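Structure first, commentary second.
The values are calculated or read from the model by the stated rules, or taken from the named source; none is laboratory data. Predicted model only: the values in this text are computed from it and were never measured. In this analysis, Cβ positions are derived from the backbone assuming ideal geometry, glycine residues included, and neighbour counts consider all displayed protein chains. Heads up: the accessible areas ignore ligands, DNA and RNA and are worked out on the full protein's heavy atoms, side chains in. Shrake-Rupley method; radii C 1.70, N 1.55, O 1.52, S 1.80 Å.
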Amino acid sequence: MRRLIVIALLFAGMQLIMPLGASGHGAVWLLTFGFLILAADAVGALASSFKIPKLIGYLAAGAIFGPYMLNTVTAQAVHELAPVNGLAIALIAFLAGAELRWDELQERLSRVLKMLSVEITLTLVLMTGFLLLTSQYIPFLQEIAFGPRVAFSLLFASIVIVHSPSATIAILSESQGKGPVGRTTLSIVLVSDVVVVLLFTAALGLTRAVVPPSGTEAAGISLGSVVWEIIGALIVGAILGGAVALYLKWVRRELFLFAMLVAFFGAEIAKVTHVEVLLTLLTAGFVAENVSAREHGEALRHALEKSAAPIFVVFFALAGASIHVQDVADLWPIVVPIAAIRALSIFTGMKVGAKWSKAPELEAKYAWMGLVSQAGVAIGLASVVAAAYPDRGVQIQTIMLAVIALNETIGPILFRIALGKAGEVGDQNGTSEAPASAKIQTSH
């Protein structure tokens, strides 16, 4: 009840204050930022009391108070807060890379690649086949020849296979999950980012060959530039990570502020050099963690993790505010089957891959539940398609955003359940819940 009162007071306060700021002194976005932090945090805490991940509460708060429902957070404010959103993504990416040590990744790399290859291949095949079989009901596949239909189906499927590093990191941070299921899931998600970008590049190149795009937006995108975005991101990220490692070795002061600066300038450097921001910061975090002494890397990670809560509030609340609720409602006859087939493909692919790679029982049983979420990378790829194909590409983007909204609602809940079942949810003292099997054994 207390949280509901807080939310109601915040909403009422915004209704009173917003007209005063509407005349414009450039501070409306700052007022909205403060409201979004407080309101989303309150809704997240309310969700947590019902055993629902806080992340879902952040998304719900953004959607409810966003421009497509109550409009307390206006579309203009969401646009003006884009730099904050970008900084949050950069910090999440850097933290994701810093969570992986090469010696730990090396132990499970073969297993991760086998599981990921089966899962991605199966999802691509089943999703492309489903779209072709139901093409008369899919807006962007209607009234075109078979060749373009195959190309656009494959292009859409190459976005559907994307996972969400940000959602994975958010749930692991919230649940204090440090066990093998959580770390294997994180490894799969991070490796898949590189694989997915490569597959998307190939699918977009095929589509351009079959259906040449028109418009000035498409002319600015070339295969060479996309390849440079990937290779350049690895180079720039490695250099940035090396610089961070030197700072950790010789200075090691004000680590939280330093991490913020690294994320901010890293994102700006990536934009200036025209490389992929997420992959750049992932690489920087990974290099910094693995080049530095273990205790120095842990100190940096701890500084980042202390700031994780407000960062996740900002990122996911703004993501929720960007969801067009009416579009999602109108497209549910298409969106639900797509999301269901994707989830089934992930489940089956991971089971087959786990058997092939001889994965441990808990990872084989629960890791698939951490791969359902989707967020920033998928949204970015859908935007690239919309820019290249202003007609059918926009239809692809609209459907994909609806699919992302559904997956980003269900996925974190599934992952939180998986960590709980695997006994990897930490308590306030940093210990973990024992898995059900262990509880049964210890009770005898």
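Values computed for the structure shown
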| item | result |
| --- | --- |
| At 1.567 mPa s and 4 °C, Stokes diffusion of the chain via Kirkwood alpha-carbon radius, µm² per second | 57 µm²/s |
| Excluding exposed DSSP-loop GluC sites (Glu not before Pro) (at most 12 other C-beta within 10 Å), longest clean stretch of the chain | 255-444 |
| Nearest-10 value in Å² for the accessible area of Lys365, using the 1.4 Å probe | 100 Å² |
| Whether the stretch 42-105 is rounded, prolate or oblate, judged on the alpha carbon gyration tensor where a/c under 1.5 counts as rounded | oblate |
| Value of D in µm² per second that Stokes-Einstein yields for the stretch 121-169, Kirkwood Rh from Cα pairs, at 37 °C (0.692 mPa s) | 286 µm²/s |
| Diffusion constant of the stretch 284-359 at 10 °C, which comes from Stokes-Einstein with the Kirkwood Cα-pair radius and 1.306 mPa s, µm²/s | 94 µm²/s |
| Solvent-accessible area per residue, Å², over the chain with all protein chains present [probe radius 1.4 Å] | 45 Å² |
| Two-decimal Rg to Rh for the stretch 71-194 - Kirkwood Rh, Cα set | 1.09 |
| Within the stretch 230-295, trypsin sites (Lys or Arg not before Pro) in DSSP loop having at most 10 other beta-carbon neighbours inside 10 Å | Arg253 |
| Qualifying chymotrypsin sites (Phe, Trp or Tyr not before Pro) for the stretch 35-66 [loop in DSSP, other Cβ within 10 Å: at most 14] | Phe50 |
| Percent accessible area from carbon and sulfur atoms, the chain, protein chains only, probe 1.4 Å | 68 percent |
